[in-house]
Amino acid sequence: MCCLLISSARDVVIASATCRKWREAYRKHLHTLAFNSNDWPAYCDISPILLEILITRTIFQTTGLQGLSILMDDAGEFTASTVIAWLMYTRETLRRLFYNVPTSPNVNILAICGRQKLEILAVAHNSITGVEPNFQRFPCLKSLSLSHVCISALDLSLLLTACPKLESLELVDPEIAISDAQVTVELSSPTLKSIYVEAISLDKFILETDSIERLHLRDCALEVFELIGKGTLKYFKIDDVSVIHLDIAETVDNLEVVDVSSFTIIWTRFYQMISRSSKLRKLRLWDVTFDDYDEGIDLETIAVCFPQLKHLSLCYELRDGLMHYGLQGSSNLENVTVLELGWTVINDFFSHWVEELLKRCPNLKKLIIFGVISEAKSHEECQILAKFTSSIVRLMRKYMHVEVQFEYE
């Protein structure tokens, strides 16, 4: 039997209005349907009541719908009973649900879709309360995304308990309701492999999982973040995060990627955490401030601790006459094939730094240089940039086998 896949309900509405065979096709064979207020300007010109009728008529003419996306950011408020009818009609066959529908009162999506066959659930701009893991259980759910959702720390923990096969969790700007003075979230999932957390502010965030492979924190403010696991973490990215105490030490033995940017850290403490990561393939330290810079961070340390490193990204910075990522030592980065270098403020020493790094990477294949160029530049700054350009041209004549790429902003 054929399967009809259409990315937007707009196409279904237009086609079915003009062709009887299209109406028959989507009624029998349509498996995925998406309503998005940003996809079709006409949605914004229709009153919520008429839009409810349009969506209801379209959904109720399908059978066996497996994927449903209803994203209505700018379409006004919908009637809760109508939205419940959509979910009740499709819930037995749904595998993927992307849900962002403002309603009055709030719709308890967990109560409606629990104990069904959902594998992917994404909820935005809603409230989740009173989670009951025994009743609102998601036995097949593998991916859960909560964006701008109001939920208590307890309900969030219980929700993960209700998903025994969960592999991917995404939390974006959640409003965490608390019952005491300390904002603490403790999550546990034995099956969780990937977690992405953005725009969250907590005193304490503890994550316990034996299967975690990917961890990405972005734009967060945390006093304590602790990851408890069994050394399965392979990908760790932290971007524009403020954290006083970071502990991932028990999980780093198999790390392959470390990507840190816009972050202030105590290097000795951070180094102690990742120094056991002998399998590291990619290291990115970009716009990073070291509180204990006098301890020293040099290429020798990077080369010795991470012998399998293939991709190295460093952002040049000179502070108080001292340079991040010093050139001490003589060990080469034998396996590095991609080198990304950049600056926030350029000076005459940058080209020398690039040259020395090239010498330490004998098997380099690609060099990418990132630079920040201000709109208004003094004559001195223009001269420095011109000297750098000339020196790089001369330098690359010695490395004809290396592909060079420039990216300026």
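The values are calculated or read from the model by the stated rules, or taken from the named source; none is laboratory data. All figures in this text were calculated on a predicted structure; none of them were measured in a lab. With ideal geometry, Cβ positions are generated from the backbone for all residues, glycine too; neighbour counts draw on all protein chains shown. Heavy atoms of the whole protein, side chains included, go into the accessibility calculation; ligands, DNA and RNA do not. Shrake-Rupley method; radii C 1.70, N 1.55, O 1.52, S 1.80 Å.
Summary table
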| read-out | value |
| --- | --- |
| Where THR344 falls short, out of the listed (1) open to solvent by 10 Å² or more (accessible area, probe 1.4 Å); (2) free of Cβ contacts under 8 Å to residues at least 40 places away in the same chain; (3) among the β-branched types (Val, Ile, Thr) | (2) |
| Test: ALA122 is touching a Phe, Trp or Tyr at 6+ places or on another chain (Cβ under 8 Å), surrounded by fewer than 19 Cβ atoms within 10 Å (Cβ to Cβ) and under 20 Å from SER189 (Cβ atoms) | yes |
| Members of the range 152-188 that are open to solvent by 50 Å² or more (accessible area, probe 1.4 Å), assigned to a loop (DSSP other than H, G, I, E, B), at pLDDT 95 or above and not charged (D, E, K, R) | PRO164 |
| Verdict on PHE263 being farther than 14 Å from LEU233 by Cα, modelled with pLDDT under 90, of a type in the set (A, V, I, L, M, F, W, C) and part of a strand (DSSP E or B) | yes |
| The lone exception for LEU309 - which of (1) more than 22 Å from the chain's Cα centre (by Cα); (2) open to solvent by 10 Å² or more (accessible area, probe 1.4 Å) it fails | (2) |
| Any hit, the range 48-69, residues being without any contact (Cβ under 8 Å) to a residue 12 or more places away in the chain and not hydrophobic (A, V, I, L, M, F, W, C) | yes |
| Residue list for the range 134-151, filter: more than 19 Å from the chain's Cα centre (by Cα) and open to solvent by less than 30 Å² (accessible area, probe 1.4 Å) | GLN136, PHE138, LEU141, ILE151 |
| Tabulated pairs, the range 367-390, first under 11 Å from ILE346 (Cβ atoms), second open to solvent by less than 50 Å² (accessible area, probe 1.4 Å) and among the aromatic types (Phe, Trp, Tyr), C-beta under 7 angstrom, 6+ apart or interchain | GLY371/TRP343; VAL372/TRP343; PHE388/PHE350 |
| Residue count for the range 248-257, restricted to those that are within 22 Å of GLU223 (Cβ to Cβ) and open to solvent by less than 60 Å² (accessible area, probe 1.4 Å) | 4 |
| Residue, surrounded by the fewest Cβ atoms within 10 Å (Cβ to Cβ), within the range 28-51, restricted to residues that are part of a helix (DSSP H, G or I) and either aromatic (Phe, Trp, Tyr) or modelled with pLDDT of 80 or more (or both) | LEU50 |
| Cross-chain or 6+ apart pairs with Cβ under 7 Å, the range 111-136 first and within 11 Å of CYS163 (Cα to Cα) and acidic (Asp, Glu), then part of a loop (DSSP other than H, G, I, E, B) and open to solvent by 40 Å² or more (accessible area, probe 1.4 Å) | GLU119/ARG95; GLU119/CYS140; GLU119/LYS142 |
| Residues of the range 87-97 that turn out to be within 18 Å of LEU54 (Cβ to Cβ) and under 30 Å from the mean Cα position of the chain (by Cα), as a count | 2 |
| Counted residues, the range 53-98 - those being in contact with a strand residue (DSSP E or B) (Cβ under 6 Å, 6 or more places away or on another chain) and either of a type in the set (D, E, K, R) or not in a loop (DSSP other than H, G, I, E, B) (or both) | 14 |
| Top-ranked residue of the range 268-287 - restricted to ones that are closer than 15 Å to GLU317 by Cα and either touching a Leu at 6+ places or on another chain (Cβ under 9 Å) or in a helix (DSSP H, G or I) (or both), ranked as least open to solvent (accessible area, probe 1.4 Å) | LEU285 |
| Residue match in the range 132-142 (condition: outside any loop (DSSP other than H, G, I, E, B), under 22 Å from ILE70 (Cβ atoms) and not aromatic (Phe, Trp, Tyr)) | no |
| Selection from the range 200-235 of residues that are among the hydrophobic types (A, V, I, L, M, F, W, C) and open to solvent by 30 Å² or more (accessible area, probe 1.4 Å) | ALA221, VAL224, ILE228 |
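Residues are listed down the side, and each one gets a yes or a no for (1) closer than 15 Å to ALA153 by Cα; (2) touching a helix residue (DSSP H, G or I) at 6+ places or on another chain (Cβ under 8 Å):
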site: LEU192; (1), (2): no, yes
site: ILE195; (1), (2): no, no
site: ALA199; (1), (2): no, no
site: PHE205; (1), (2): yes, no
site: ILE212; (1), (2): no, yes
